[in-house]
Amino acid sequence: GGRYRGEDVAPSLRAAALDCWSLLATTLNDLEVSGDGTGRGMALLPLLAGCLDQPDAGLRRSAGEALALIHECRLGLGLTDDEGANATDRRYGRGTWEGCDPPEMEGVFDSAAQRVSELSVEGTRSMSRAARKRQRSDFRDFAATVVDDEPPDEEVSFQGGRVRLSSWREIVQLGSVRHCLQGGFQIQLMTNETLREIFSATFEASGASLSQLEKRLFMSKTSEASKAADRAMARNRRARDNVKNHFLTTDGEEI
């Protein structure tokens with residue numbers, strides 16, 4: 001919730017917690033996330049519904065992404081053999097929340113799905129134009145899955161190739177990698193064979209190898225990407241040092 005031990009929890013911390021939960025959920029099977037009675041995501045639905053009504057845009061986005069992931073897993077619990085089923089049976093057999101356990105989660109999910117749909121078209125005047133545009137774009141993607149049962153379709157390009165993402169599991173995982181690597185994300189996609197294999201990266205016929213000029217532009221220590229990565233590492237190192245050297249007594253006084 002929004003409070004812990006009587007203190008308000010910062011929206012950014014709540015958003016980070018939801019992002020961590022979503023990443024961990026990608027390691028579970030569909031039943032463990034959205035199964036009746038036992039699914040971890042089922043218990044999270046009321047919290048996500050509440051977060052979608054919060055004023056913080058980052059918290060709303062994290063809640064929307066988690067909801068899309070949970071519903072994607074719910075879709076995976078539906079009919080696995082469509083042969084012999086008509087269109088209506090297939091539509092309502094896959095991912096239905098009707099008759100779920102506990103039964104009150106059906107109404108909670110429907111309310112959250114409605115809110116996701118609203119956020120895909122609205123934006124308050126207090127938000128900047130860029131923030132409103134991003135919110136609408138993000139929640140249109142969430143609504144496509146949560147409301148229309150459509151899988152996501154996202155493409156990430158890098159020098160000489162691209163990564164195609166067709167599930168929220170993949171999007172959450174790659175988003176976490178991107179956040180950790182910061183300015184080094186593009187370089188790792190170009191040079192890290194393990195990372196390319198995990199996300200099934202494909203290469204353009206003309207870009208399978210980098211020219212000497214491209215290597216200097218993207219991979220040398222003087223490239224803008226390398227400089228950005230160095231700056232990010234320096235900031236993180238300073239932040240860690242500040243935390244390590246900042247101690248408080250039990251009375252709250254610095255020492």
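Observations on the structure shown:
- Conditions (1) among the charged types (D, E, K, R); (2) open to solvent by 50 Å² or more (accessible area, probe 1.4 Å); (3) touching a residue at least 60 places away in the same chain (Cβ under 8 Å); number of the one not met by R60: (2)
- The residues on offer are V146, V121, and the sole one that is closer than 29 Å to T38 by Cβ and not acidic (D, E) is V146.
- Subset of segment 163-177 (residues that are exposed (fewer than 15 other Cβ atoms within 10 Å of the Cβ) and of a type outside the set (S, T, Y)): R164
- All of (1) open to solvent by 60 Å² or more (accessible area, probe 1.4 Å); (2) part of a helix (DSSP H, G or I); (3) in contact (Cβ under 8 Å) with a residue 40 or more places away in the chain hold for D101 with one exception: (2).
- Within segment 31-53, the set of residues being touching a residue at least 40 places away in the same chain (Cβ under 8 Å) and out of contact with any Asp or Glu (no Cβ under 8 Å at 6 or more places or on another chain) comprises L31, V33, S34, G35, L45, P46, L47, L48, A49, G50, L52, D53.
- Residue tally, condition open to solvent by less than 30 Å² (accessible area, probe 1.4 Å) and outside any helix (DSSP H, G or I), over segment 10-52: 4
- Among residues that are within 16 Å of the chain's Cα centre (by Cα), open to solvent by less than 60 Å² (accessible area, probe 1.4 Å) and modelled with pLDDT of 85 or more, S120 is not included.
- Filtered by the rule that a residue be at pLDDT below 85 and within 19 Å of S167 (Cα to Cα), segment 68-107 gives G78, L79, T80, R91, R94, G95, T96.
- One residue stands out in segment 156-204 among those that are of a type outside the set (V, I, T) and part of a strand (DSSP E or B): the one that is nearest to the chain's Cα centre (by Cα), namely L165.
- Complete set of residues in segment 123-144 that are under 27 Å from F185 (Cα atoms), modelled with pLDDT of 90 or more and either touching a Pro at 6+ places or on another chain (Cβ under 8 Å) or surrounded by fewer than 12 Cβ atoms within 10 Å (Cβ to Cβ) (or both): S137, D141
The values are calculated or read from the model by the stated rules, or taken from the named source; none is laboratory data. For clarity, every value in this text was computed on a predicted model and none was experimentally measured. Positions of Cβ are generated from backbone atoms using ideal geometry, with glycine treated the same way; all protein chains shown enter the neighbour counts. Accessible surface areas use protein heavy atoms only, side chains included; no ligands, DNA or RNA. Shrake-Rupley method; radii C 1.70, N 1.55, O 1.52, S 1.80 Å.
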